[in-house]
Amino acid sequence: MMTLRIEHPVPNFEGWKKAFDSDPMHREASGVRRYRVLRSIDDRQFVTVDLEFDGLREAEAFRAALQELWRRVEGTVMLSPRAQILEAVEGREY
């Protein structure tokens, strides 16, 4: 399982969330198995999104497509986006 972690500030969380919910990237059709949206307690305008994929190829393809989208909307919906692909190496639930 691969996680594409996206982090960026947003000028307006409600506006960003509306854009996210419109799903311009067609997450499910692009291989996203599940996602989580996290919002900083210390900075309510900072958002982290974790998108989980079955494999690296899907995560890389989604990241590349996402970077194309960001070129069109950066500065309006979000600012200074950062994306990295993470591989889980250990986990435990209590």
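The values are calculated or read from the model by the stated rules, or taken from the named source; none is laboratory data. Bear in mind that the values here come from a model prediction, so they are computed numbers and not experimental data. All Cβ positions, glycine included, derive from the backbone under ideal geometry; neighbour counts span all protein chains shown. Just so you know, the surface numbers come from the protein's heavy atoms only, side chains and all, with ligands and any DNA or RNA stripped out. Shrake-Rupley method; radii C 1.70, N 1.55, O 1.52, S 1.80 Å.
Tabulated values for the structure
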{"item": "Boolean, D21 is acidic (D, E) and surrounded by 13 or more Cβ atoms within 10 Å (Cβ to Cβ)", "result": "no"}
{"item": "Scope the stretch 76-94; condition open to solvent by less than 50 Å² (accessible area, probe 1.4 Å) and under 23 Å from R44 (Cα atoms); matching residues", "result": "V77, M78, P81, A83"}
{"item": "Residue identified as touching a helix residue (DSSP H, G or I) at 6+ places or on another chain (Cβ under 6 Å), without any contact (Cβ under 8 Å) to a residue 40 or more places away in the chain and surrounded by 11 or more Cβ atoms within 10 Å (Cβ to Cβ) among S40, S30", "result": "S30"}
{"item": "Some residue of the stretch 73-87 being assigned to a helix (DSSP H, G or I), within 22 Å of P11 (Cβ to Cβ) and at pLDDT below 95", "result": "yes"}
{"item": "Counted residues, the stretch 53-68 - those being assigned to a helix (DSSP H, G or I) and open to solvent by 30 Å² or more (accessible area, probe 1.4 Å)", "result": "10"}
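Let's see how each residue does on (1) touching a His at 6+ places or on another chain (Cβ under 8 Å); (2) in contact (Cβ under 8 Å) with a residue 24 or more places away in the chain:
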| site | (1), (2) |
| --- | --- |
| F46 | yes, yes |
| D50 | no, yes |
| D54 | no, yes |
| E58 | no, yes |
| E68 | no, no |
| R72 | no, no |
| M78 | yes, yes |
| I85 | no, yes |
